[in-house]
Every structure is written in structure tokens, then in C-alpha cells.
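Everything on this sheet refers to the single structure shown next.
The values are calculated or read from the model by the stated rules, or taken from the named source; none is laboratory data. No experiment lies behind these values; they were computed from the predicted model shown. In this analysis, Cβ positions are derived from the backbone assuming ideal geometry, glycine residues included, and neighbour counts consider all displayed protein chains.
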Ligand code: AQP
């Protein structure tokens with residue numbers, strides 16, 4: 001039997017990269033699940049606070065993210081949906097795993113390295129040291145491993161940007177097994193499930209991923225964008241000056257990003273879409289991709305607006321989800337405590 005686990009941060013309104021890279025796969029896995037599959041989705045607030053968050057905004061963003069998951073079709077009867085911070089097992093396991101994680105391993109993470117570069121650029125000093133960054137930013141990949149391993153997850157549907165973090169999870173699972181349960185592996189080694197649309201790029205800078213934290217709002221399509229927002233953001237997307245359209249991610253990242261977004265929305269191959277647009281211009285492709293994205297988002301957008309105000313229902317879903325998550329992870333933690341010697 002498979003245990004499928006994934007998480008999303010409540011750091012703002014969901015963007016197209018989150019949907020095409022991860023959430024669309026969650027919905028598909030849930031709807032195509034076998035009866036023996038256990039499916040668990042978490043809204044990971046402890047990860048969100050690795051960067052400064054306004055408490056009021058965080059509180060609203062948590063509820064909005066739950067409404068978002070439900071609006072896109074996550075069904076609490078088929079999947080466990082809960083807030084990470086409602087289940088203390090994650091932090092306990094994270095602590096235990098942190099005691100077998102080499103610090104050097106965390107320093108090699110691209111997320112950590114990129115934060116150091118960001119600080120360096122912002123301060124324009126060559127001597128920036130790590131003391132300016134908080135420990136949570138270094139150690140959150142361990143918490144991410146704990147999120148997954150607390151449920152002994154076997155499959156993790158995430159975007160390609162998470163590959164390095166999942167690799168650490170696999171290493172920690174293996175290292176815990178070797179150290180504490182060499183005969184009967186305590187943790188399965190989880191497999192990453194990536195969507196066909198692996199990485200959605202920023203509409204303004206196709207060398208980086210579409211992200212919630214980019215200061216440029218026009219770089220991402222949000223669930224709450226209106227029809228005209230979507231059109232104007234796609235019209236302003238950075239492409240290139242080559243005539244005609246072709247799918248060539250290495251040399252034409254901007255145009256190829258539009259093609260893969262289009263293809264992910266219609267369920268086609270990017271090359272197939274490219275062939276149809278071979279003799280057309282960027283302007284036409286931009287208008288059409290805006291149209292397919294709008295068609296895909298309009299249903300969930302309306303449902304999100306309805307659900308985000310239904311506080312009673314959201315609280316009920318969160319409570320039931322927390323209970324189910326606690327029940328599952330408690331068993332793992334009991335086993336882990338015994339293996340470590342806390343018995
Ligand atoms: N651009 C992307 N393309 C494909 N998948 C993506 N994901 C995020 N951006 C892209 C996937 O979305 C899931 C949830 O991500 P998260 O909430 O943990 O946020 P994140 O990975 O940190 O990316 P964000 O949303 O853009 O936030 P910031 O700006 O803070 O980095 C994950 O499965 C991720 O792979």
C-alpha cells in the first residue's frame with residue numbers, strides 16, 4: 001500500500017506554479033487512488049515562519065490555503081487534510097532527525113545558499129556571514145523530512161524544485177534505519193512524484209521559478225486574479241525576439257514556459273502545442289494561453305471565494321484532519337522513541 005504525503009506553505013494566495021507543479025497532481029492522485037492508499041496533505045505553517053510573517057496575515061493565509069485545497073477538489077473524505085502546527089509529532093521527529101543530520105549537509109542546500117546570496121546582494125558586502133540568518137532557515141529541510149517520515153510516506157508529489165529536499169529526506173530515513181533499526185527498516189525510502197509540468201517559470205524572469213515570494217506581482221498568476229489580470233500578465237510575459245514559436249526550454253525559456261503552461265492546462269504535450277503555433281507570433285500564443293488558464297481557474301476561483309468565508313466548515317475540516325493526522329503519526333513516534341531509547 002502507498003502512503004502519499006505532501007505539503008504547501010500558507011504564505012499567500014496559491015500561484016499557477018503551485019497548482020501545475022504540485023496541487024494538480026494531488027487531486028489526480030486522490031481521485032485515482034486505490035482503496036489501500038493513504039493520502040495526507042498538510043498546510044505547513046511551521047515552514048512559513050522561517051521567513052518573517054505578519055501574524056494577522058498568516059492567520060488569514062492558513063484559512064485561505066485550506067479553502068484553496070478544497071476549491072481545487074481535495075476531498076476530506078478521501079484525503080487527510082490538516083494544519084502541520086496541529087500535530088506536534090512533526091516537531092518531535094524533526095528534533096530527533098536533527099541529531100543525526102550533519103550541519104554541512106544543510107549548508108549545501110541551494111535554498112540556504114541562495115538566501116546567503118540574497119543577503120549579500122541586499123547589503124552589498126562581501127563579508128556577510130550566517131549570523132544574519134535564522135537557524136530555522138537552515139534546518140527546515142529536516143522538518144520537511146519529519147513531515148514526510150512521521151507518516152512513513154512512500155510517495156511525495158512535489159514540484160521539481162523540491163528534489164534536493166526530498167533527497168535529504170531519503171538520506172535521513174536511510175541513516176536512521178541503519179543506526180536504529182538495521183534489521184527491520186523503520187522508515188520506507190520515499191519516492192518523488194513530479195508532474196509533467198515540472199517547473200513553472202516566472203513570467204518576468206524565465207531563469208527563475210514562478211514563486212510567491214518574488215516582489216514582482218506580474219511574474220505570477222494567482223488563483224484570485226481576474227480574467228483581465230491573467231490576460232495582462234501573460235501579455236507582459238518576457239519571451240524572445242525569435243520569429244515563430246518552438247519548444248526549446250534551454251534556448252527559448254520564456255516561450256517554452258508559455259507552451260508548457262498551455263500544455264499542462266489542456267493535457268497535451270508542449271511539443272504538440274508548439275507545432276500548432278510554429279508559424280504564429282508570441283502575441284497570439286500569449287492571448288491563447290491566458291484563455292486556457294482562465295478556463296482552468298475560473299471554477300476553483302469561484303469555489304474558493306465561497307469557501308473562504310465559510311469559517312465553520314473550514315474549522316470542522318481542520319479539526320477532523322488534525323485528529324486523523326495525529327492518530328497516524330503517533331504510531332510512528334512511539335516506534336521511533338523506543339528505537340532511540342526513550343522507553
Ligand atoms: N514554480 C513552480 N513550479 C512547479 N512547482 C512549484 N512549486 C512551487 N513553485 C513551483 C511547488 O508547490 C508546492 C508548494 O510549495 P510551497 O508552498 O512549499 O512553496 P515553495 O516551494 O517555497 O514555492 P513558492 O510557492 O513559490 O514560495 P516561495 O516564494 O516562498 O519559494 C511544492 O510542491 C513546490 O514544489
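Among the residues making up the stretch 138-162, those that are in a helix (DSSP H, G or I) and within 11 Å of the ligand (Cβ to nearest atom) are 140, 144, 147, 160, 161, 162. Condition test on residue 97, is it modelled with pLDDT of 95 or more, in a helix (DSSP H, G or I), within 15 Å of the ligand (Cβ to nearest atom) and farther than 23 Å from residue 52 by Cβ? Answer is no for this residue. Among the residues of the stretch 100-114, those identified as at pLDDT 90 or above and surrounded by 13 or more Cβ atoms within 10 Å (Cβ to Cβ) are 100, 101, 105, 106, 109.
Taking the criterion of being modelled with pLDDT under 95, touching a strand residue (DSSP E or B) at 6+ places or on another chain (Cβ under 9 Å) and assigned to a loop (DSSP other than H, G, I, E, B), the residues of the stretch 204-222 that qualify are 207, 208, 211, 212. Considering every residue within the stretch 74-93, establish whether at least one is under 19 Å from the mean Cα position of the chain (by Cα) and modelled with pLDDT under 95. No, the stretch 74-93 contains no residue that is under 19 Å from the mean Cα position of the chain (by Cα) and modelled with pLDDT under 95. Selection over the stretch 129-159 of residues that are closer than 28 Å to residue 197 by Cβ and in contact with a strand residue (DSSP E or B) (Cβ under 7 Å, 6 or more places away or on another chain) gives a count of 9. Has the stretch 235-244 got at least one residue that is modelled with pLDDT of 95 or more, out of contact with any strand residue (DSSP E or B) (no Cβ under 8 Å at 6 or more places or on another chain) and part of a helix (DSSP H, G or I)? Scanning the stretch 235-244, I find at least one residue that is modelled with pLDDT of 95 or more, out of contact with any strand residue (DSSP E or B) (no Cβ under 8 Å at 6 or more places or on another chain) and part of a helix (DSSP H, G or I), so the answer is yes.
Exactly one residue out of 293, 273 is outside the structural domain of residue 42 (by TED's automatic domain parsing), in a helix (DSSP H, G or I) and farther than 30 Å from residue 75 by Cα: that is 273.
Quick one: in the stretch 173-195, of everything that is surrounded by 15 or more Cβ atoms within 10 Å (Cβ to Cβ) and within 20 Å of the chain's Cα centre (by Cα), which residue is nearest to residue 256 (Cα to Cα)? The residue in question is 195.
Comparison of 270, 237, 250 shows that the only residue that is within 16 Å of the ligand (Cβ to nearest atom) and over 28 Å from residue 11 (Cβ atoms) is 270.
Can you tell me which residue in the stretch 16-54 is nearest to the ligand (Cβ to nearest atom), limited to those that are free of Cβ contacts under 8 Å to residues at least 40 places away in the same chain and part of a loop (DSSP other than H, G, I, E, B)? Even if it seems obvious, please write down each step before you answer.
Taking the stretch 16-54 and keeping what is free of Cβ contacts under 8 Å to residues at least 40 places away in the same chain, we get 28, 32, 34-37, 48, 52, 54.
Those still in the list that are part of a loop (DSSP other than H, G, I, E, B) too: 32, 34-37, 52, 54.
Working: 32: 19, 34: 22, 35: 26, 36: 24, 37: 19, 52: 12, 54: 15 Å.
Looking at residues that are free of Cβ contacts under 8 Å to residues at least 40 places away in the same chain and part of a loop (DSSP other than H, G, I, E, B), I get 52.
Just one of the listed residues (340, 292, 287) is at pLDDT 95 or above and closer than 19 Å to residue 27 by Cβ, namely 292. Considering the stretch 202-214, the residues that are buried (at least 18 other Cβ atoms within 10 Å of the Cβ) and more than 7 Å from the ligand (Cβ to nearest atom) include one that is nearest to residue 286 (Cα to Cα), namely 203.
Within the stretch 174-181, is there a residue that is more than 26 Å from residue 293 (Cα to Cα), assigned by TED's automatic domain parsing to the domain that holds residue 331 and within 11 Å of the ligand (Cβ to nearest atom)? No, there is no match, as no residue in the stretch 174-181 is more than 26 Å from residue 293 (Cα to Cα), assigned by TED's automatic domain parsing to the domain that holds residue 331 and within 11 Å of the ligand (Cβ to nearest atom).
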